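Single-structure report; data block below.
The values are calculated or read from the model by the stated rules, or taken from the named source; none is laboratory data. Since this is a predicted model, take the numbers as computed values, not measurements. Neighbour counts run over all protein chains shown; Cβ positions are idealised from the backbone, glycine included.
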Amino acid sequence: MVFLPRGFFRGLFYFIKIEIPPYFHNERLVCNMTVRKDQIKKITVLAMLTALAYAVMFVIHIPVGTFLTYDPKAVVIAIGGMLYGPLPALLVSVVVGLLEMVTISSTGVIGAVMNIFYSASFCCTAALVYKKKRTMGGAYFGLFLGALISTAVMLLWNYILTPFYTGLTRTEVLGMFLPLLLPFNLIKGGINAAATALLYKPIATALRKTNLLPKSEGARSESGRGGKVVAVAAVVFVLASLLAALYLLQNAQ
């Protein structure tokens, strides 16, 4: 067996004027190419989730009362936020809200603002908490907190903006808080939180299997009491939301 000295082929290529491709000796370029591929995958997944959020909003659009509607687009956006962080969740919320405004919405700019505020408050809160604590307990707590914060945000903006497109006075809107707006937003948040908690792991696993998501992304298991407490609190919150929904349906009848 013949052993050639180190750098033999590099010197040979230089001697015969053959340029060595930069990716053989430029580690920074290789790293940049890897980062660029990851960015392309991220943009691809976010575009898919944006299209999916719009599709589920278009297909599942349930009117509640005279001016309230429920659709599950926040579930898809929240999954994207938990995968990539609060800023992508905000961007997807804005894009989907604008698409809804120019296609099927009958409430114009005000409706788009309300939709964006809800999606952003729910999804960005969940994504921010999960970004800080990437465990199942962190995911449950983020969704639980997102449901509460989005409820508070929507009560505020219902009070401010609802009179502009319904003709109701603010006193009338304020009188709707306890019997309608508060339970509706709590139920909506509970349903979205439960659906996100159920769908996040299967979707993240499928994306990892197709190599669209790095294998390091995803929730770690949590064996401490904190995760169990948060999980129980989330279940209680969802059950309370469902009971409130049943109560509202009985009163409506």
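When residues in segment 60-82 are screened for being assigned to a helix (DSSP H, G or I) and either modelled with pLDDT under 95 or not hydrophobic (A, V, I, L, M, F, W, C) (or both), 3 of them pass. Within segment 50-61, does at least one residue satisfy the condition of being over 30 Å from P163 (Cα atoms) and surrounded by fewer than 20 Cβ atoms within 10 Å (Cβ to Cβ)? Within segment 50-61 (the criterion being over 30 Å from P163 (Cα atoms) and surrounded by fewer than 20 Cβ atoms within 10 Å (Cβ to Cβ)), the answer is yes, since at least one residue qualifies.
Scanning for something at pLDDT below 80 and more than 30 Å from S93 (Cβ to Cβ), does segment 33-47 turn up at least one residue? Within segment 33-47, one or more residues are at pLDDT below 80 and more than 30 Å from S93 (Cβ to Cβ).
For L248, the conditions (1) over 18 Å from L68 (Cβ atoms); (2) modelled with pLDDT under 85; (3) in a helix (DSSP H, G or I); (4) not small (G, A, S) are fulfilled apart from (1). The set of residues from segment 138-156 being surrounded by fewer than 22 Cβ atoms within 10 Å (Cβ to Cβ) and either touching a strand residue (DSSP E or B) at 6+ places or on another chain (Cβ under 9 Å) or more than 22 Å from T69 (Cα to Cα) (or both) is empty.
Restricted to segment 63-84, and to residues there that are farther than 29 Å from G167 by Cβ and without any contact (Cβ under 8 Å) to a residue 60 or more places away in the chain, the residue that is surrounded by the fewest Cβ atoms within 10 Å (Cβ to Cβ) is Y84.
Taken together, the residues in segment 159-175 that are touching a helix residue (DSSP H, G or I) at 6+ places or on another chain (Cβ under 9 Å), without any contact (Cβ under 8 Å) to a residue 24 or more places away in the chain and either in a helix (DSSP H, G or I) or crowded, with 18+ Cβ neighbours inside 10 Å (or both) amount to 7.
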